[in-house]
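Enquirer: This is the structure I want to talk about, given as structure tokens.
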């Protein structure tokens, strides 16, 4: 029986905003499961890249002795053979945009891993249907446990509607039409300027500076209603058109008492979450207008949000991981 002893974190060389929630997950998992944090520096990356650049990845894998296992989050699945994807690593795949034709190369790239964890139920089913040659388990994304407590705090709502992240043309068309029919309505979005990011309204009003994750969460807490689209239906992100995974942005909005109008398919992942029980789905403008009018007039459903979010905390995922490891005859220890 092999033993999972540590989390292999990228925090020393990947300080990007999209990774910040990953590092929050890692910290909670380390505490919950009694794992140590292993955060290799850039020297390890340089060492690995030299093997990979010179076509020696196979040699690296053959010479690497078996040792204790490390959990490692992978932001985007690729077909590239990497030194990190070895016999001592349990990768956790977050984004997966590969197609069926990519599977032979993908399976080859990860052939040494003792177990792969896949966050998207749709992708998990896809891999099983194509006879994935190594052990794979579904292990969904989550939100930090302390987010649940934010549902019990009073919040001051300053903005009726804010678009978080990339503006999706699907919802932007509806917002523009709603603004035309309701001239007093004001919505907020990111100005898209990477050097001087800030939140501005459709009426040209500067609302707040976008200084990173903290200001992003503060804006959610100050917003009554927002919109949410699964990646495969995001018209602004063509590379993700194949899969529709429920992402942490939904958890962030609901835990900060923000109503959500959704646009998503009925698929394995949205069914697994029971998404239609908390986020109304929208296909056309009339539905959007009706939902927005209702949400602007109603208080946020705190108890319903608690019921939906409680099974999706990182602490709960730690319990699920224990069961997955037991099923694959992997123990926990330092």
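The values are calculated or read from the model by the stated rules, or taken from the named source; none is laboratory data. Keep in mind that this is a model prediction, so the values were computed, not measured. Here the Cβ is made from the backbone with ideal geometry for all residues, glycine too, and neighbour counts use every protein chain on show.
Residue-by-condition table, conditions (1) out of contact with any helix residue (DSSP H, G or I) (no Cβ under 8 Å at 6 or more places or on another chain); (2) surrounded by fewer than 17 Cβ atoms within 10 Å (Cβ to Cβ); (3) in contact (Cβ under 8 Å) with a residue 40 or more places away in the chain:
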{"residue": "133", "(1), (2), (3)": "no, yes, no"}
{"residue": "137", "(1), (2), (3)": "no, no, yes"}
{"residue": "149", "(1), (2), (3)": "yes, yes, no"}
{"residue": "154", "(1), (2), (3)": "yes, yes, no"}
{"residue": "157", "(1), (2), (3)": "yes, yes, yes"}
{"residue": "162", "(1), (2), (3)": "no, no, yes"}
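Enquirer: Please work out which one of (1) in contact with a strand residue (DSSP E or B) (Cβ under 8 Å, 6 or more places away or on another chain); (2) at pLDDT 95 or above is the condition residue 181 fails and give its number.
Expert: Failed condition: (1).
Enquirer: Let me ask you something else. Looking at residue 201, is it in contact with a strand residue (DSSP E or B) (Cβ under 7 Å, 6 or more places away or on another chain) and surrounded by fewer than 22 Cβ atoms within 10 Å (Cβ to Cβ)?
Expert: yes
Enquirer: While we're on this one: I'm checking my understanding of the structure. Among residues of region 228-242 that are at pLDDT below 65 and closer than 12 Å to residue 165 by Cα, which one is surrounded by the most Cβ atoms within 10 Å (Cβ to Cβ)?
Expert: Ranking the candidates gives 237 first.
For (1) out of contact with any helix residue (DSSP H, G or I) (no Cβ under 9 Å at 6 or more places or on another chain); (2) over 25 Å from residue 158 (Cα atoms); (3) touching a residue at least 60 places away in the same chain (Cβ under 8 Å); (4) loosely packed, with under 13 Cβ neighbours inside 10 Å, each residue gets a yes or a no:
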site: 244; (1), (2), (3), (4): no, yes, yes, no
site: 253; (1), (2), (3), (4): no, no, yes, no
site: 259; (1), (2), (3), (4): no, no, no, no
site: 269; (1), (2), (3), (4): no, yes, yes, no
site: 272; (1), (2), (3), (4): no, yes, yes, no
site: 277; (1), (2), (3), (4): no, yes, no, yes
site: 280; (1), (2), (3), (4): no, no, no, no
site: 304; (1), (2), (3), (4): no, no, no, yes
site: 312; (1), (2), (3), (4): no, yes, yes, no
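Enquirer: Okay, next question. Take region 240-265 and flag every residue that is part of a loop (DSSP other than H, G, I, E, B) and farther than 22 Å from residue 93 by Cα.
Expert: Matches in region 240-265: 256, 257, 258.
Enquirer: When you go through (1) under 20 Å from residue 247 (Cβ atoms); (2) touching a helix residue (DSSP H, G or I) at 6+ places or on another chain (Cβ under 8 Å); (3) free of Cβ contacts under 8 Å to residues at least 12 places away in the same chain one by one for residue 29, which number turns out not to apply?
Expert: With (1) under 20 Å from residue 247 (Cβ atoms); (2) touching a helix residue (DSSP H, G or I) at 6+ places or on another chain (Cβ under 8 Å); (3) free of Cβ contacts under 8 Å to residues at least 12 places away in the same chain applied to residue 29, the lone miss is (3).
Enquirer: Is one or more of the residues making up region 73-87 under 11 Å from residue 8 (Cα atoms), crowded, with 17+ Cβ neighbours inside 10 Å and in contact with a strand residue (DSSP E or B) (Cβ under 6 Å, 6 or more places away or on another chain)?
Expert: yes
Enquirer: Same structure again: Please specify each residue of region 266-290 satisfying the condition of being in a loop (DSSP other than H, G, I, E, B) and in contact with a strand residue (DSSP E or B) (Cβ under 7 Å, 6 or more places away or on another chain).
Expert: The answer is 279, 280, 282.
Enquirer: Test residue 329 against the criterion of being on the phi > 0 side of the Ramachandran plot, at pLDDT 95 or above and either out of contact with any helix residue (DSSP H, G or I) (no Cβ under 6 Å at 6 or more places or on another chain) or surrounded by 13 or more Cβ atoms within 10 Å (Cβ to Cβ) (or both), and give yes or no.
Expert: In short, yes.
Enquirer: While we're on this one: More than 24 Å from residue 322 (Cβ to Cβ) and outside the structural domain of residue 231 (by TED's automatic domain parsing): does that describe residue 48?
Expert: When the stated conditions are applied, residue 48 passes them.
Enquirer: Which of the numbered conditions does residue 34 fail, given that it passes all the others? Conditions: (1) within 26 Å of residue 99 (Cβ to Cβ); (2) surrounded by fewer than 16 Cβ atoms within 10 Å (Cβ to Cβ).
Expert: Going through the list (1) within 26 Å of residue 99 (Cβ to Cβ); (2) surrounded by fewer than 16 Cβ atoms within 10 Å (Cβ to Cβ), residue 34 breaks only (1).
Enquirer: Pick out the one residue from 48, 61, 6 that is modelled with pLDDT of 95 or more and on the phi < 0 side of the Ramachandran plot.
Expert: Sole residue among the options that is modelled with pLDDT of 95 or more and on the phi < 0 side of the Ramachandran plot: 6.
Enquirer: In addition: What are the residues in region 41-68 that are surrounded by 15 or more Cβ atoms within 10 Å (Cβ to Cβ) and in contact with a helix residue (DSSP H, G or I) (Cβ under 9 Å, 6 or more places away or on another chain), if any?
Expert: 48, 51, 52, 57, 60
Enquirer: Would you point out which residue out of 188, 113, 225, 123 is part of a loop (DSSP other than H, G, I, E, B), at pLDDT 95 or above and surrounded by 19 or more Cβ atoms within 10 Å (Cβ to Cβ)?
Expert: 113 is the lone residue from the list that is part of a loop (DSSP other than H, G, I, E, B), at pLDDT 95 or above and surrounded by 19 or more Cβ atoms within 10 Å (Cβ to Cβ).
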